[in-house]
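Scroll down for the structure; my scribbles are underneath it.
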Amino acid sequence: RGGSPSVAAPRSPLRSARWSGFRCHHWTASSSRSGPKRKEEWICTIFHSSGYDTQTIVKNNGKTEYGLFQINNKMWCRDNQILPSRNICGISCNKFLDDDLTDDVMCAKKILDSEGIDYWLAHKPLCSEKLEQWLCEEL
Ligand SMILES: [Ca+2]
């Protein structure tokens, strides 16, 4: 064991330097009452949503989803597309593509509070059981 990586993530390049700090330490900040009960669920869900890549942009069903948490431009942030957004997080979607995760986490918390973790579609099929590989070692 030793002191090295805190998450046993399957073979994904961690392209965001900030992510490595995020994965365990921001857990408490990003959990919320309707959120995942275990941090492994959250880490697994983010992996299957964005591959831990803050630059991920996915077009899906007329929506565009941005960044580590795949936050969409229909409800949560606004971009320069024609689609009107409720922009609940009051932010430009591009802010979810940089390496500063503070605003991402704040918006993800709002999503958790209002939609629960099943906003992230990967959660139920892929991250609700057999989570041992996602354990987070405390440093
Ligand atoms: Ca950001």
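Annotations for the structure displayed:
- Looking across segment 96-114 at every residue that is among the charged types (D, E, K, R) and in contact (Cβ under 8 Å) with a residue 60 or more places away in the chain, the one that is farthest from the ligand (Cβ to nearest atom) is identified as 113.
- Of the residues 99, 104, 53, the single one that is surrounded by 16 or more Cβ atoms within 10 Å (Cβ to Cβ), under 15 Å from the mean Cα position of the chain (by Cα) and part of a loop (DSSP other than H, G, I, E, B) is 53.
- Hits in segment 56-95 (condition: within 14 Å of the ligand (Cβ to nearest atom), assigned to a strand (DSSP E or B) and over 18 Å from residue 110 (Cα atoms)): 57
- Segment 70-102, residues that are modelled with pLDDT under 95 and either of a type in the set (Ser, Thr, Tyr) or within 17 Å of residue 50 (Cβ to Cβ) (or both): 85, 98, 99, 100, 101, 102
- Evaluation of residue 72 against the conditions (1) touching a Lys or Arg at 6+ places or on another chain (Cβ under 8 Å); (2) surrounded by fewer than 18 Cβ atoms within 10 Å (Cβ to Cβ) shows that the sole unmet condition is (2).
- Residue match in segment 121-136 (condition: within 16 Å of the ligand (Cβ to nearest atom), at pLDDT 90 or above and not in a loop (DSSP other than H, G, I, E, B)): no
- For residue 47: the one exception among (1) outside any loop (DSSP other than H, G, I, E, B); (2) closer than 19 Å to residue 117 by Cα; (3) within 14 Å of the ligand (Cβ to nearest atom): (3)
The values are calculated or read from the model by the stated rules, or taken from the named source; none is laboratory data. Given the structure is predicted, the values throughout are model-derived calculations rather than measurements. Here the Cβ is made from the backbone with ideal geometry for all residues, glycine too, and neighbour counts use every protein chain on show.
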